[in-house]
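Only one structure is covered here, and it is reproduced in the block below.
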Amino acid sequence: MRIIVKKNTTIIEAIKENNLNIDYFIAAVVNDKTVDLTYKVQDTTEVELLTQKDNRSLEILRHSTAHLMAQAIKRIYKNKAKITIGPPVDIGFYYDIDFETPISEQDLPIIEEEMKKITQENLPIQRKELTKQEAIKIFEELDEPYKVIMLKEDIPEEIVSIYQQGEFIDLCRGPHLISTSKIKHFKLLSISGAYWKGNEKNKMLQRIYGTSFFTQEELEDFIQKREEAKKRDHRILGKQLELFEIDPTIGSGLIIWLPKGEKIGFIIEEFLRKKLEENNYVFVRTPHIANSELWKISGHLDVYNQYMFPIMQTDEKQEFILKPMNCPFHIKVFQSKTRSYKELPLRIAEYGTVYRYEKSGVLHGLLRVRGFTQDDAHIFCTPEQIENEIINLINLTKEILTKFGFENYNVYLSTRPENFVGEIEIWNLAEESLKKALEKSNLEYKINEGEGAFYGPKIDIEITDALGRNWQCSTIQLDFNLPQKFNIHYIGPDNQKHTPVMIHRAILGSFERFFGILIEHYKGDFPLWLAPTQAVILPISEKFLEYSYQILNFLKSHNLRVELDDGAEKLNYKIRKAETQKIPLMIIIGKKEQENNTISVRQKGIGDIGQITPKELINKFFNNP
């Protein structure tokens, strides 16, 4: 909704003058800037009012709830708690606090109760602007040393803003709600550790996570999904299903793929390779380390060095670095001989293992690691070929993601930033090609204006999992920079040298991260084609072992991933064990099955499907495309 706000009038006053209900609005947008409802306009202007349904409003609510939590903590712990930063995030908000005596999650309900009391006090949330020196003095008097450090070291502006509700004051740009009474439906979620300013050399603080919504129904739905997410945690299921291991004696963020997990990884790689080769990709293998000179040419050593492992010196006084990217190697493949325009597009693929130095605080199971393998590819093409290549890439990406059970996407097109490289005409052609490709592929997308990489525009695709969570996996990035840095060319139809456009693309991203997403998406119940063990044979007693081995060998000869549980335990125990391992099919063999040359099959999630022959099992479950 838009209204006209007169000169020197606050937005609240304008809302009342228009006989509108103030409770319906959260904030406003004035000249493309989101502001509090208490904001006073300098000149008569049209203003957009934000309601609860606007995504920007939810972020404002959560930011205000972070302040509410910090105020409650200060009331309870007084000077034994020093506040630092508290931003909104995807799941809600967090606040990093320096407690004199660390608290635990058992203390969260106490903080929640104090928060509820503050909301009932209906404290106005007021914004004030003042000089940096005035703000420093305020926070020195409040004995909030972290705020003083932020003002002195991190904020260049001479005029800053603070927000006050009751006795609580926080350094903040805002905007916020107009009163604590507007915050009604919230929940504190967890506590974790976080270094001050994200630096491992600084003090460890306690990060308290929470969330808030405009309705109780939304909050309850979130909590329910969160509880379900805990049951799907890939770290827990990975251990239960014996899929992968992270051993601190090997190193944080480094993954051991156990036999069952490696089997799934192999199935994924095999499926993906077949699809790529059908689309005329050629596969290469490149080293895990390279001379530092390569990374100087590519620019990684200058702009990406904080994510690169330290340089290694050799006896020959050469410097080597673990590779964080595969792209320079693929450029060298392109350079391995003179290329003609007739060879383009050249699609080079690799399951390339890379190493990136991620801080220990952000490592998280398979989802954030230090060593991982990408389904990486680089396409070298002419500017005129960009549109068709992107259409092919989008279609291939949709086909592959659908196979894994992901059919809902969020698509973003990021355009030219201010600090771009290359010719603006090529950028315009590239952006127009990406737009046309998205439209011809019938994909709805949002434009992230100016958010492209400095070397080219890009398309990012987020997948949505079974719990409605979004995961960034697929990316398609155009690059005008590296081809120039490495001075690569192809010979055009005019017999002259031309610089190709380079397309960086990944469909699954890293296999480790995608595997973690798959585990949580399926809750470990992998579809039959992905399951590491597709069927387990359960003989009722040792009398039927010989026949069971015959069935085992027959099914294995048809390339089924099948195991035989020949233990002495009773059948019910074996069934429970197979269910715990989430094996899709159980083949039960007893006297009747042996006499009739049949098997009894139990399908996970469905139950007994009766006696059939081994051949019928193959036709029913494994011969379908």
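In the stretch 559-577, the residues that are in contact (Cβ under 8 Å) with a residue 60 or more places away in the chain form Cβ pairs under 8 Å with partners that are of a type in the set (V, I, T) and assigned to a loop (DSSP other than H, G, I, E, B), at six or more places apart or across chains, as follows: R561/T533.
Test of understanding: among Y39, Y77, Y95, which residue is of a type in the set (F, W, Y) and under 27 Å from K225 (Cα atoms)?
Values: Y39 fails: under 27 Å from K225 (Cα atoms); Y77 fails: under 27 Å from K225 (Cα atoms).
Of the residues listed, the single one that is of a type in the set (F, W, Y) and under 27 Å from K225 (Cα atoms) is Y95.
So which residues in the stretch 149-176 are touching a His at 6+ places or on another chain (Cβ under 9 Å) and either aliphatic (A, V, I, L, M) or not in a strand (DSSP E or B) (or both)?
Our first condition is that a residue be touching a His at 6+ places or on another chain (Cβ under 9 Å); within the stretch 149-176, this holds for 163, 165, 168, 170, 172, 174-176.
Those that are touching a His at 6+ places or on another chain (Cβ under 9 Å) and either aliphatic (A, V, I, L, M) or not in a strand (DSSP E or B) (or both): C172, G174, P175, H176.
The helices (runs of 4 or more DSSP H) falling completely within the stretch 453-557 that include 3 or more residues that are surrounded by fewer than 17 Cβ atoms within 10 Å (Cβ to Cβ) and not assigned by TED's automatic domain parsing to the domain that holds L434 map to 545-557. Kindly indicate whether I331 is more than 30 Å from L401 (Cβ to Cβ), out of contact with any Gly (no Cβ under 8 Å at 6 or more places or on another chain) and of a type in the set (A, V, I, L, M). Considered against the rule, which asks whether it is more than 30 Å from L401 (Cβ to Cβ), out of contact with any Gly (no Cβ under 8 Å at 6 or more places or on another chain) and of a type in the set (A, V, I, L, M), I331 comes out as no.
Taking the conditions (1) touching a helix residue (DSSP H, G or I) at 6+ places or on another chain (Cβ under 8 Å); (2) crowded, with 18+ Cβ neighbours inside 10 Å; (3) over 30 Å from L243 (Cβ atoms) in turn, R356 satisfies each one other than (3). Scanning the stretch 73-113 for residues that are crowded, with 22+ Cβ neighbours inside 10 Å and assigned to a helix (DSSP H, G or I) gives I73, K74.
Filtered by the rule that a residue be surrounded by fewer than 15 Cβ atoms within 10 Å (Cβ to Cβ) and assigned to a loop (DSSP other than H, G, I, E, B), the stretch 593-612 gives N597, G605, I606. Output the number of residues of the stretch 475-524 satisfying the condition of being among the aromatic types (F, W, Y) and under 18 Å from the mean Cα position of the chain (by Cα). Going through the stretch 475-524 one residue at a time, the tally reaches 4. Under the condition of being touching a helix residue (DSSP H, G or I) at 6+ places or on another chain (Cβ under 8 Å) and at pLDDT 95 or above, which residue from the stretch 192-209 is nearest to R62 (Cα to Cα)? Filtering first and then ranking leaves I208.
Each residue in the stretch 32-55 was checked for being more than 15 Å from T10 (Cβ to Cβ) and of a type in the set (V, I, T), and 2 of them qualify.
The sole residue among T131, T51, T65, T119 that is hydroxyl-bearing (S, T, Y) and modelled with pLDDT under 95 is T51. For I394, the conditions (1) modelled with pLDDT under 90; (2) closer than 25 Å to S441 by Cβ all hold with the exception of (1).
Conditions (1) surrounded by 12 or more Cβ atoms within 10 Å (Cβ to Cβ); (2) aliphatic (A, V, I, L, M); (3) under 28 Å from the mean Cα position of the chain (by Cα), marked per residue:
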| residue | (1), (2), (3) |
| --- | --- |
| K6 | yes, no, no |
| A14 | yes, yes, no |
| I22 | no, yes, no |
| A27 | yes, yes, no |
| D54 | yes, no, yes |
| L61 | yes, yes, yes |
| H67 | yes, no, yes |
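In the stretch 525-544, of all residues being aromatic (F, W, Y) and under 38 Å from the mean Cα position of the chain (by Cα), the one that is nearest to E242 (Cα to Cα) corresponds to F526.
Residues of the stretch 298-348 that are of a type in the set (S, T, Y) and either without any contact (Cβ under 8 Å) to a residue 60 or more places away in the chain or farther than 27 Å from G509 by Cβ (or both): Y304, Y307, T314, S336, T338, S340, Y341. Looking at E242, E270, E158, just one residue is surrounded by fewer than 13 Cβ atoms within 10 Å (Cβ to Cβ), farther than 25 Å from I103 by Cβ and in contact with a helix residue (DSSP H, G or I) (Cβ under 6 Å, 6 or more places away or on another chain), and that residue is E158. Of the residues making up the stretch 219-267, those that are within 30 Å of V562 (Cβ to Cβ) and small (G, A, S) number 3.
You will find that of I223, I155, the residue that is under 22 Å from E129 (Cβ atoms) and outside the structural domain of A27 (by TED's automatic domain parsing) is I155 and no other.
I379 satisfies every condition listed in (1) at pLDDT 95 or above; (2) surrounded by fewer than 20 Cβ atoms within 10 Å (Cβ to Cβ) except (2). The test for being assigned to a helix (DSSP H, G or I), surrounded by 21 or more Cβ atoms within 10 Å (Cβ to Cβ) and touching a residue at least 40 places away in the same chain (Cβ under 8 Å) holds for I386. For the stretch 38-57, the count of residues that are in a helix (DSSP H, G or I) and of a type in the set (D, E, K, R) is at least one.
The values are calculated or read from the model by the stated rules, or taken from the named source; none is laboratory data. Since this is a predicted model, take the numbers as computed values, not measurements. Backbone-built Cβ (ideal geometry, glycine too); neighbour counts: all protein chains shown.
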